[in-house]
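Everything on this sheet refers to the single structure shown next.
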Amino acid sequence: MKQLKAIIVLLLLGALCQPALGKLNVVATTPDLASIAREIGGDHIDVTTLAKPTEDPHFVDAKPSFIVKLNHADVLVEGGAELEIGWLPALLDQARNSKLAPGAPGHVACAQGIPLLEVPSTLDRSRGDIHAAGNPHYLVDPANAKAVAAHITEAFCAQDEKSADYYRANLKKFTDAIDAKLNEWERVLAPFKGQQLAAYHNSWLYFGNRFGFKIDLFLEPKPGIPPTPTHLAEVITKMRQDKVRGILVDPYLNRRTAETVAEKTGATVIDVSQFPGGMKGTEGGYIPLLDHVVNAVARALGGSK
Ligand SMILES: [Zn+2]
């Protein structure tokens, strides 16, 4: 009897996870990817996001419910470049969904085709560097968001040919919106071009490259390694020397540490998120998120408002 009950519960769970009829069932690893998937898929897809917007994408709390979601998915959208290497492969193994196997058309590794930065000449994880395959935080450059949107569009078209025109039209809408916004964002940040910034974690490199900031001082001695007093002392000295005025901090990092460094250097802590929903006012998706980041940086460096 107990067994029967367990089976019924599993069947019900399965039914709950099934998408509405005819819709593509999409799982995205992080909320930025989910947001772009929604822009393209609109009401022709159902999207589930695994990581919370306030969660470190390198260290996501892998819940058993994720396995059920992956088991029922038609498409998996992941960042790749080893961003999810600490938590996704084991879930995929357990989900036993051949549609999402690496290399299968339902498995979209968005980093493919993105010119990754800081790719080491030799792979070395021995020193705890979680960016061993290059910097995986490429989506904070809007040009890369367009490339990812195109990649996702092709995957959706392949899985759901009858909606291909719809997906391609949405891609054009998203791309046009990014192009229009890019001009605005560049204009807002133009007065600060060439300035140096610090960051807690090396997650803003691509943003810096796009908008002309040098972001090369990090509170973490290496990506994923917590700050040490010795390292922070060096960062503080360099920040004073170079008159660095801002420290970018993601919501899941230790803001208190950044505040201490800011107090000692006269810099401002700039609260930013890579993920829609990571901060108030960014829930609307990728474009509101970038709006927020651009304005937060401009406000901190402009010293007004
Ligand atoms: Zn990272």
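The values are calculated or read from the model by the stated rules, or taken from the named source; none is laboratory data. Please read all numbers here as calculations on a predicted model, not as lab measurements. Neighbour counts run over all protein chains shown; Cβ positions are idealised from the backbone, glycine included. All accessible areas refer to the heavy atoms of the entire protein, side chains included, with ligands and DNA or RNA removed. Shrake-Rupley method; radii C 1.70, N 1.55, O 1.52, S 1.80 Å.
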task = Pull up the cross-link candidates among the lysines for residue 173, meaning alpha carbon to alpha carbon under 24 Å and not fewer than 8 places away within one chain.
result = 23, 146, 162, 181
ask   = Farthest toward the dipole's positive end in the range 146-281, which of 281, 178, 237, given Cβ charges of +1 (Lys, Arg) and -1 (Asp, Glu) about the Cα centre?
value = 237
key: Distance in nm between pseudo-label sites at residue 61 and residue 176 (7 Å out along the Cβ direction from Cα)   = 4.2 nm
key: Qualifying lysines (Cα of each under 20 Å from Cα of residue 243; at least 8 residues distant if same chain)   = 193, 214, 264
message = Rolling a 1.4 angstrom probe over the protein chains, ignoring ligands and nucleic acids, what is the accessible area of residue 121 in square angstrom, nearest 10?
response = 120 Å²
request  = Provide the per residue accessible area, probe 1.4 Å, for the chain, rounded to a whole number of square angstrom.
outcome  = 47 Å²
query = Where in the range 218-288 are there GluC sites (Glu not before Pro) that are in a DSSP coil and have at most 10 other Cβ atoms within 10 angstrom of their Cβ?
reply = none
remark   = Two pseudo-spin positions, 7 Å from Cα along C-beta at residue 183 and at residue 238, lie apart in nanometres by 3.8 nm
task = Considering the options 88, 269, 35, tell which one lies farthest towards the positive end of the dipole of the chain, charges being +1 on Lys and Arg and -1 on Asp and Glu at the Cβ, about the Cα centre.
result = 269
query = For the range 190-246, which trypsin sites (Lys or Arg not before Pro) are in a loop by DSSP, counting at most 13 other Cβ atoms within 10 Å?
reply = 193, 243
ask   = Ignoring ligands, DNA and RNA, what percent of the 1.4 Å accessible area of the chain is carbon and sulfur?
value = 56 percent
